[in-house]
Amino acid sequence: MFLLFPFRVKPTMSVFRSGVLVLTSPLSALSVRLAPILASAAKVVQDTLYVHLQPGLLLTGSSQPNSTYIPATPEVCNLITKLYSNADAHRNLDVRVLLTNIKNQSSSQQILSSVQNLSHPPEVVLTDFQTSDGGQYNPAKQQLERYATNCYSCQPNLISVLLYPDYVQSDEEIVAEEMIDNSKILETYSDVVVGGTFDRLHNAHKILLSVCSLLAERRLLIGVADKELLDGKVLKELIQPYKQRVEIMSQFLVDVKPSLQYDIVPISDPFGPSVTDPELKCIVVSEETRRGAVSVNNRRLENALSELAVYEIQLVKDPLHSVNEEDKISSSSLRNRLLGTLLIPSTGNPNISAKPYVIGLTGGSGSGKSSVAKRLEAMGATIIDCDKLGHLSYKPGGPAYQKVVDEFGTDILCADGTIDRKAIGSRVFSSKDQLKRLTDIVWPAIADLVKEALVEAAAQGVSVCVLDAAVLLEAGWNDMVHEVWTVLIPEKEAVIRIMNRDGASEEAAKSRLANQMTNCERVQMSNVVLCTLWEPEVTQKQVQKAWNLLQKRLKQETSFPNDKPVLKSRF
C-alpha cells in the first residue's frame with residue numbers, strides 16, 4: 001500500500017486535520033475495497049474524513065466533471081453501513097458519509113449546482129481514482145481539486161492526493177458486480193422518527209442517522225434520552241450532557257444532509273412525541289429495539305393515530321470489544337474505555353510542590369476506593385490515609401481533640417478520656433448544622449496532618465503520593481493535589497456493599513449515600529475516573545492503565561520542564 005503526494009512527506013504521517021474522500025469505483029467493487037481505501041486515507045487525514053460517493057466519476061479529459069445524483073438503493077445503504085463499520089478500525093477518524101448527492105425520491109435533476117458548506121472545511125481531497133500518471137502535475141489531480149471545490153467549501157490551497165491501495169479484484173467482487181441490482185429504490189416517508197441516547201456519537205449512531213436521513217423526505221424527528229431514561233445506563237455519570245450530545249449530532253446531520261428539517265427533542269420516557277405526532281409516517285429501530293416500535297404503534301392506535309411503518313437496521317459488531325463490554329458498537333463500551341484515562345487535563349497546581357506528585361483519590365461509601373488505593377500502593381505509590389489521620393486528630397493531644405470536646409461536651413468521652421466516635425457520629429449525622437460544626441474543626445486538623453505527611457514524603461524522595469480521602473472534594477482538599485481520581489459504583493451496588501460490609505439496613509445504607517456527594521458531582525471535578533463494578537481483574541486493568549498513563553504524563557513533564565508553570569511549595 002502506498003500513496004503519491006505532491007510534496008515530500010513520510011507516507012505514514014497524518015498531515016491533515018480534515019479531508020474529503022471522493023470514491024469513484026463502482027458501488028459493487030467498493031464493498032470489498034473499502035478497508036484498504038480507508039487504511040490509506042487514515043494515513044493522510046487525522047480527524048474528520050468526509051466521504052463522497054460518485055461511482056463512475058472520470059478525472060481524465062478536458063471537460064470538468066460534475067457531481068450527479070445516485071439512487072438511494074438498499075445496496076447504497078449496505079455500502080454506507082459497511083463503510084462506517086470499516087471506519088471503526090480507525091478510531092482517530094470522524095468519518096462522515098455525505099448524502100447530498102444520494103436521491104431518495106424521483107427527481108429529474110441530475111446535476112448538483114450549489115456548493116455545500118461543511119463544518120470542517122477539507123484541507124485535502126483524496127480519491128481512489130487511479131491513473132498511470134503519478135506525477136506532481138497529473139491533470140487528474142487538478143481535476144480532482146476543481147471537482148471538490150465545486151461541490152464543497154474547502155480550505156484555500158486545497159491539496160490533492162491519489163490513493164493507490166493494495167487491492168486486487170477478487171472472485172467475491174466479480175460475483176458481487178454480477179449480482180447487484182440497483183433498480184430497487186428505498187421507499188421514503190415525509191416524516192421519520194428515531195430515538196436513542198446518542199452519547200459520544202459513534203459509527204453505529206452514524207449508520208442509524210444516515211439511514212433515517214435517506215428515508216426522510218421532509219423531516220427527521222429525533223428523541224434524545226435524558227433524565228430518568230439515563231438512570232439504568234452503564235456508567236451514566238460519564239454520559240455527555242444533553243446539550244453537548246445534541247450539538248455533536250446536529251453538526252453531523254447538517255454536514256451529511258443539510259436539506260432535511262431536523263427536530264431534536266429531549267425525552268424522559270420511552271415514547272416521547274412518537275405516540276402523539278400525527279405527521280409521523282415511519283419509525284426506525286435496531287434489532288434490539290424492535291419491540292419498542294410495536295409498543296409505539298399500540299399507543300398511537302390508542303391515541304387514534306395511524307400506525308407507523310417500521311424500518312429495522314442491524315446491529316454493528318465490535319470486533320475489538322473486551323470481556324466486560326457489549327459485542328456491538330455501543331456508547332457504554334466507549335464510556336468503559338474512558339475509565340483510567342485523563343478525562344480532564346491537569347492544568348498544574350501552582351500552590352503546591354511539584355514533588356511528590358499528589359493524586360487525590362476519592363469515592364462514596366462502598367465504591368471500592370480503599371481497594372484501589374491498595375492496588376496503587378502495590379504499583380509504587382505512597383498512600384496517605386485520611387481516615388487514619390482523622391482517628392489521629394481525635395486522640396487526646398491530637399489537633400482536633402480539645403476543640404471537639406469544647407464544642408460538644410464531655411459526655412462524648414469514653415471512660416479512658418478518648419472521644420467515642422460512634423456517640424458523636426450518631427449525634428452529628430442527624431443534624432447538618434452539628435455535622436458542619438464538627439467538620440469545621442476536624443477537616444482543617446486533618447489537612448494540617450496531610451501537609452506534614454507530604455513534607456515527609458518529599459524529604460524521602462517519594463515520586464507519587466495518593467491522598468486517600470472519602471471527603472476530598474467536600475473538604476476542599478483538592479487544593480492539595482495535582483489530580484483528582486474518583487472511584488465510583490452504581491448506587492444500587494453501593495447499597496448492597498454497605499449492607500454486607502457494615503451489617504446496615506437498606507434504609508440506613510441509602511441514607512448514608514444521600515448525605516454524600518453524588519457520583520455525578522464527583523465526576524465533574526475529576527481528572528480520572530475508575531469503576532469497581534466488575535471482577536477484580538477488570539479493576540486491576542483499569543488501575544494499571546491509569547498508573548501507566550500517569551507515568552507517561554510525569555515523564556513528559558520532566559522532558560519539557562519549561563512548558564510547565566513553576567510550582568511553589570507551601571510547606
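The values are calculated or read from the model by the stated rules, or taken from the named source; none is laboratory data. The shown structure was predicted, so the numbers you read here are calculated from the model rather than taken from an experiment. All Cβ positions, even for glycine, are placed from backbone atoms using ideal geometry, and neighbour counts span all protein chains on display. Calculation scope for accessible area: heavy atoms of the full protein, side chains included, ligands and nucleic acids excluded. Shrake-Rupley method; radii C 1.70, N 1.55, O 1.52, S 1.80 Å.
Can you give the FRET efficiency for Lys395 and Thr518, using 1/(1 + (r/R0)^6), R0 = 56 Å, r = Cβ-Cβ distance, to the nearest 0.05?
On the way: r = 32 Å, r/R0 = 0.58.
So, using R0 = 56 Å, E works out to roughly 0.95.
Measure off, as a whole percent, the carbon and sulfur share of the 1.4 Å-probe accessible area of the chain, all protein chains present.
It is 52 percent, rounded to a whole number.
Can you give the calculated 222 nm mean residue ellipticity of the chain, where each DSSP H run of n ≥ 4 adds -39,500 (n - 2.57) and the sum is split over every residue, rounded to the nearest 500 deg cm²/dmol? Numbers along the way, then the final one.
On the way: 17 runs with 214 residues, N = 571.
Helix contribution divided over all residues of the chain: -12000 deg cm²/dmol.
Label-point separation (nm) for Val294 and Gln155, each offset 7 Å from Cα along Cα-to-Cβ?
About 5.2 nm separates the two model spin labels.
Could you give the accessible area per residue of region 287-348, probe 1.4 Å, as a whole number in Å²?
Heavy-atom accessible area per residue stands at 59 Å².
At Ser463 and Met525, where each label point lies 7 Å from the Cα along Cα→Cβ, what is the point-to-point distance in nanometres?
3.0
Mind giving me the FRET efficiency for Gln64 and Gln244? R0 is 30 Å, r the Cβ-Cβ distance, nearest 0.05 is fine. Present the calculation step by step, with values, prior to reporting the outcome.
Details: r = 41 Å, r/R0 = 1.37.
It comes to 0.15.
Is region 340-473 best put as rounded, prolate or oblate by its Cα gyration tensor, with a ≥ b ≥ c the root eigenvalues, rounded for a/c under 1.5, and otherwise prolate when a/b is larger than b/c, oblate when not?
The shape class here is prolate.
Which of the peptides 461-469, 299-307 is most tightly packed, and how do the rest follow, judged by the mean count of other Cβ atoms within 10 Å per residue?
461-469, 299-307
Evaluate E = 1/(1 + (r/R0)^6) for Arg218 and Gln251, where r is the Cβ-Cβ distance and R0 equals 25 Å; express this FRET efficiency to the nearest 0.05. All intermediate terms of the calculation are to be shown ahead of the outcome.
Working: r = 21 Å, r/R0 = 0.83.
Efficiency, from the Cβ-Cβ distance: 0.75.
Using only Cα atoms, locate the centre of region 264-309 and the centre of region 384-454, then give the distance between them in Å, rounded to an integer.
57
Residue separation times 0.36 nm, minus the C-alpha to C-alpha distance between Arg421 and Leu342: what's the value?
On the way: separation 79, 0.36 × 79 = 28.44 nm, distance 3.74 nm.
Extending this stretch completely gives an extra 24.7 nm.
Does region 269-323 classify as rounded, prolate or oblate by the C-alpha gyration tensor (a ≥ b ≥ c root eigenvalues; a/c under 1.5 gives rounded; else a/b over b/c gives prolate, otherwise oblate)? Please list the in-between numbers first.
Working: a/c = 3.33, a/b = 2.60, b/c = 1.28.
Prolate.
Shape call for region 223-280 from the C-alpha gyration tensor, a ≥ b ≥ c root eigenvalues: rounded (a/c under 1.5), prolate (a/b greater than b/c) or oblate?
Numbers: a/c = 3.34, a/b = 1.23, b/c = 2.72.
Oblate is the answer for region 223-280, as a/c is 1.5 or above yet b/c matches or exceeds a/b.
Principal axis extents for region 421-491, Cα atoms only, whole Å, descending order, please.
Result for region 421-491: principal-axis Cα extents of 43, 31, 20 Å.
Please report, to two decimal places, log10 I(q)/I(0) for the chain at q = 0.08, 0.09, 0.11 Å⁻¹ as given by the Debye formula with identical point scatterers on the Cα atoms and no solvent.
-0.71, -0.85, -1.08
For Lys451 and Thr558 in one chain, what is 0.36 nm times their gap in residues minus the Cα-Cα distance, to one decimal in nm? Don't skip to the answer; put the middle values down first.
On the way: separation 107, 0.36 × 107 = 38.52 nm, distance 2.38 nm.
Stretched out fully, the Lys451 to Thr558 stretch lengthens by 36.1 nm.
Residues of region 138-158 with the amide nitrogen closer than 15 Å to a label point 7 Å from the Cα of Thr131, along Cα-to-Cβ, please.
138-148
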